[in-house]
Structure formats: C-alpha cells, structure tokens
Amino acid sequence: MGWVFAAGFILIALLWFSTWLRRRTIRALLLTTGAQTTGSSSLHRRGRRLPRIAVRYTDDTGSEHVIIKTIVSAGDEQLLQKPALVLYHPKHRSRSDYVLIGFGTQPRRWFSGEFSRKK
C-alpha cells in the first residue's frame, strides 16, 4: 500500500515540475523575443475581493486587451503611479499565459496576469 502513496507522490511532483518548467520557459521566451507595448493601468474592483491592477493595452493587430495582475501585494498602490509595460507573444496574443506585466520605464520584476472577462 505504501508504494501506491509513493507513486502518487512522484506523479504529483512530476506534474508540478513540468508546470513550473513550462512557465519558466514561457517567461524566458517573452523576456528575450516578446513584443513590448505600453498600457494604461487602473484599479480593478470586483465584489468584495481585494482591488487588483488592470492594465489595458493594444497589441500589434490593433486588438485591445485588459489583463489583471494576479498577485495582490502591499506595494500595488505604488505601481499605479508608474507607466505599465506589457510583454506578449505575437503568435499567442489571445492567451494570458503568454503575457507579462511590468511597471516603470525598465521593469525589474514582471508579473503574470489573467485576461479580464469584461472589456
């Protein structure tokens, strides 16, 4: 019975590692070859949840997207005062896992996000 637990643990560890490796690979691809554009940021409130940062940007085809910064942290208010930069992959522009958000003229940290359902 212990081997079933060990096999399950190994399977979960392999799934977690493959997901982590995929995200890291996409991030490296975007940082080296991603298309960059500017965006406008604002607070995004939805119900009783903590306010998040929404970044509205236009890609190279002229389509407008709104992406919501997924991590809520104490310094989010200060990020609103900085210009927003968006990195995206031109071939996968409709997938939020191929988009990174940065704040400032040369961001040191890039955040992932999810597309907003409402535009």
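The values are calculated or read from the model by the stated rules, or taken from the named source; none is laboratory data. Nothing here was measured: the structure is a model prediction, and the numbers come from that model. Every residue, glycine among them, receives a Cβ derived from its backbone with ideal geometry; neighbour counts consider all protein chains shown. Accessible surface areas use protein heavy atoms only, side chains included; no ligands, DNA or RNA. Shrake-Rupley method; radii C 1.70, N 1.55, O 1.52, S 1.80 Å.
Descriptive notes on the structure:
- Checking LEU87, LEU100, LEU43, LEU29 one by one, the residue that is touching a helix residue (DSSP H, G or I) at 6+ places or on another chain (Cβ under 9 Å), among the hydrophobic types (A, V, I, L, M, F, W, C) and at pLDDT below 90 is LEU43 and no other.
- Under the condition of being at positive phi and outside any loop (DSSP other than H, G, I, E, B), the residues counted in the range 58-109 number 0.
- Of the residues making up the range 38-51, none is open to solvent by less than 50 Å² (accessible area, probe 1.4 Å), assigned to a strand (DSSP E or B) and under 21 Å from ARG23 (Cα atoms).
- Residue within the range 9-21 that is at pLDDT 90 or above, outside any loop (DSSP other than H, G, I, E, B) and under 22 Å from GLY75 (Cβ atoms) present: no
- In the range 84-111, the residues that are over 15 Å from GLY34 (Cβ atoms) form Cβ pairs under 6 Å with partners that are open to solvent by 60 Å² or more (accessible area, probe 1.4 Å) and assigned to a loop (DSSP other than H, G, I, E, B), at six or more places apart or across chains, as follows: PHE103/LYS82; GLY104/LYS82.
- Scanning the range 52-81 for residues that are farther than 14 Å from PHE115 by Cα, in contact (Cβ under 8 Å) with a residue 24 or more places away in the chain and not polar (S, T, N, Q) yields ASP60, ASP76, LEU79, LEU80.
- Boolean, ARG93 is surrounded by 11 or more Cβ atoms within 10 Å (Cβ to Cβ) and of a type in the set (D, E, K, R): yes
- VAL55 falls short on exactly one of the conditions (1) in a strand (DSSP E or B); (2) among the aliphatic types (A, V, I, L, M); (3) open to solvent by 100 Å² or more (accessible area, probe 1.4 Å), and that condition is (3).
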